[in-house]
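Chemist: Before anything else, here's the structure in question.
The values are calculated or read from the model by the stated rules, or taken from the named source; none is laboratory data. Since we're looking at a predicted model, the values are computed, not measured. Note that we place each Cβ from the backbone using ideal geometry, even for glycine, and neighbour counts take in every protein chain shown. What goes into the accessible areas is simple: the full protein's heavy atoms, side chains included, and nothing from ligands, DNA or RNA. Shrake-Rupley method; radii C 1.70, N 1.55, O 1.52, S 1.80 Å.
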Amino acid sequence: MTKRIIPNTITSCNLLCGSVAVYMATQNEFIWAFVLILAGAFFDFFDGLSARLLKAPSPIGIQLDSLADDITFGLAPSMMLFCYTKPIIGWWSVLALIMAAFSALRLAKFNVDERQHDSFIGLATPANAIFWGGLCCLPGEVLLANHWLAWVLIGISLVSCYLLNAEIPFFSFKSFKKEKTLIISFLAGCLILIGFCVAKAVINHHIEFALFGGTACIVWYVVVNLLLACFRKSENQ
């Protein structure tokens, strides 16, 4: 019983990070909100790891994990997008919160889907959160220079809703032994993208461009998996 307290406490830290990230988003402190989402992802990784190492999985821990994930990786990035676009399109930006509902649906499906032990069916919520977290950290004058760009972001959020629940396979780092070459190639691409974003941040004296590296890596992740899905589909025909 005592062993179960440790992973559940780590999961609660994830939920706390997500809750504070939501508050930071309402204060337009998007960098802090994103940092807290990343901290939540850190705790999310170690709660499951600690449960396995301590051999202390529990039904309560599984449910608590999904609740925490929906706050940190569902509501927090949705609130960031809502607050980011609201000055441009007003209350229409509430459409961004649809993403929180689809994140909850994705997490519920994950809990009952036996196919997702070492890979994902649909985009994982942490990946989606990192995409929006890095994007919303960009200065408004860079990304929202034109009124219609805010609507483009809302449109992309609807695409995210689809990807979260689509019957599209996405590789996971849990499958490193089986997908070693693929994952190493993916990580090499990530290093290039992050290096480019960090260089741009240094040149322009804007840390926001470095944080955009997370967004760029998730775009790369989605592209790789979509290409793989198309290739495998053509092979099976």
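Chemist: For the stretch 39-64, which positions are of a type in the set (A, V, I, L, M, F, W, C) and surrounded by 20 or more Cβ atoms within 10 Å (Cβ to Cβ)?
Modeler: A41, F43, A51
Chemist: Which of the residues that make up the stretch 100-112 are within 11 Å of N165 (Cβ to Cβ) and not small (G, A, S)?
Modeler: F102, L105, R106, L107, K109, F110
Chemist: While we're looking at this one, here's another question. Mind telling me which of the residues F120, F110 ends up being aromatic (F, W, Y) and touching a Phe, Trp or Tyr at 6+ places or on another chain (Cβ under 7 Å)?
Modeler: None of the other options fit; the residue is F120.
Chemist: Is there a residue being among the β-branched types (V, I, T), in contact (Cβ under 8 Å) with a residue 12 or more places away in the chain and in contact with a Gly (Cβ under 9 Å, 6 or more places away or on another chain) anywhere in the stretch 94-104?
Modeler: No, the stretch 94-104 has no match at all.
Chemist: Hey, among the residues in the stretch 148-192 that are exposed (fewer than 13 other Cβ atoms within 10 Å of the Cβ) and either in contact with a helix residue (DSSP H, G or I) (Cβ under 6 Å, 6 or more places away or on another chain) or of a type in the set (D, E, K, R) (or both), which one's nearest to W91 (Cα to Cα)?
Modeler: Ranking the qualifying residues of the stretch 148-192, first place goes to E167.
Chemist: Could you please let me know if F73 is modelled with pLDDT of 95 or more, surrounded by 15 or more Cβ atoms within 10 Å (Cβ to Cβ), hydrophobic (A, V, I, L, M, F, W, C) and within 22 Å of P139 (Cβ to Cβ)?
Modeler: no
Chemist: I would also like to ask the following. Within the set of pairs 6+ apart or on separate chains, which have a first residue in the stretch 76-92 that is over 12 Å from C136 (Cα atoms), a second that is open to solvent by less than 60 Å² (accessible area, probe 1.4 Å) and not in a helix (DSSP H, G or I), and C-beta atoms under 9 Å apart?
Modeler: Listed by first residue and then by second, the contacts come to P87/L144; I88/L144.
Chemist: What do you reckon, is L226 modelled with pLDDT of 90 or more and open to solvent by less than 70 Å² (accessible area, probe 1.4 Å)?
Modeler: Considered against the rule, which asks whether it is modelled with pLDDT of 90 or more and open to solvent by less than 70 Å² (accessible area, probe 1.4 Å), L226 comes out as yes.
Chemist: Same structure again: Among the candidates L138, L158, L107, L163, single out the residue that is closer than 20 Å to I218 by Cα, touching a Leu at 6+ places or on another chain (Cβ under 7 Å) and not aromatic (F, W, Y).
Modeler: L163
Chemist: Pull up the stretch 1-38, narrow it to residues that are polar (S, T, N, Q) and open to solvent by 80 Å² or more (accessible area, probe 1.4 Å), then point me to the one that is nearest to C83 (Cα to Cα).
Modeler: N28
Chemist: So how many residues does the stretch 103-123 have that are closer than 16 Å to D69 by Cα and in a loop (DSSP other than H, G, I, E, B)?
Modeler: 2
Chemist: Being β-branched (V, I, T) and modelled with pLDDT of 85 or more is the filter here, so list the residues in the stretch 1-28 that pass it.
Modeler: Answer for the stretch 1-28, where residues must be β-branched (V, I, T) and modelled with pLDDT of 85 or more: T9, I10, T11, V20, V22, T26.
Chemist: Report the residue count in the stretch 195-213 for those that are under 21 Å from G140 (Cβ atoms), of a type in the set (G, A, S) and surrounded by fewer than 16 Cβ atoms within 10 Å (Cβ to Cβ).
Modeler: Of the residues in the stretch 195-213, 0 are under 21 Å from G140 (Cβ atoms), of a type in the set (G, A, S) and surrounded by fewer than 16 Cβ atoms within 10 Å (Cβ to Cβ).
Chemist: Taking only pairs six or more apart or across chains, which ones have beta-carbon atoms under 8 Å, a first residue in the stretch 119-145 that is under 16 Å from F173 (Cβ atoms) and open to solvent by less than 10 Å² (accessible area, probe 1.4 Å), and a second residue that is assigned to a loop (DSSP other than H, G, I, E, B) and modelled with pLDDT under 95?
Modeler: L123/A166; L123/I168
Conditions tested, residue by residue: (1) closer than 17 Å to F110 by Cα; (2) in contact (Cβ under 8 Å) with a residue 40 or more places away in the chain; (3) among the charged types (D, E, K, R).
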position: I5; (1), (2), (3): no, no, no
position: N14; (1), (2), (3): no, yes, no
position: Y23; (1), (2), (3): no, no, no
position: L49; (1), (2), (3): no, no, no
position: G61; (1), (2), (3): yes, yes, no
position: T72; (1), (2), (3): yes, yes, no
